[in-house]
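Heads up, the thing below is written out as structure tokens.
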């Protein structure tokens, strides 16, 4: 009987110790695994249109797979380009026109999704203030192309002369 009481006490003590240890680690845990848009820090990205900003939510776009929350003004255009990774776009709000070479354009609205396969030339235009998540399955890159499909530098692709009127400075 005495051994049984001692075993019960040891079990209770061990259970309390585990509960207390769990509470202590919860206080020291990593930050929450999610954020609301209001808490995200947005910035422009080099080689991207000035009418767009983004906030990396997961991963490192320069090194591997990543998720970026992007915002674009109405009229913002990402000229014809392609990426090495597959690009997955999930619209949160707004309206955008996504065009892929040799395919019909798609109007994306809140809740819309589009996959741009690796090396597939496409263009993205924000028609009405856009918020969207972009998931890339490898390091992100941007290769702008001209009308003949030849790669051109970002400064040429994003020049005022190359962009439609609606994205030029007022």
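Here's the yes/no breakdown for (1) out of contact with any helix residue (DSSP H, G or I) (no Cβ under 8 Å at 6 or more places or on another chain); (2) under 18 Å from residue 42 (Cβ atoms); (3) surrounded by fewer than 16 Cβ atoms within 10 Å (Cβ to Cβ):
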| position | (1), (2), (3) |
| --- | --- |
| 59 | yes, yes, no |
| 75 | no, no, no |
| 84 | yes, no, yes |
| 121 | yes, no, no |
| 135 | yes, yes, no |
| 141 | yes, no, yes |
| 151 | yes, no, yes |
| 157 | yes, no, no |
Could you grab me the full set of residues in region 41-51 that are under 16 Å from residue 130 (Cα atoms), surrounded by fewer than 20 Cβ atoms within 10 Å (Cβ to Cβ) and in contact with a strand residue (DSSP E or B) (Cβ under 8 Å, 6 or more places away or on another chain)? 42, 43, 44, 48
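Read-outs throughout are calculated quantities, based only on the coordinates presented, and are distinct from any laboratory measurement. The shown structure was predicted, so the numbers you read here are calculated from the model rather than taken from an experiment. In this analysis, Cβ positions are derived from the backbone assuming ideal geometry, glycine residues included, and neighbour counts consider all displayed protein chains.
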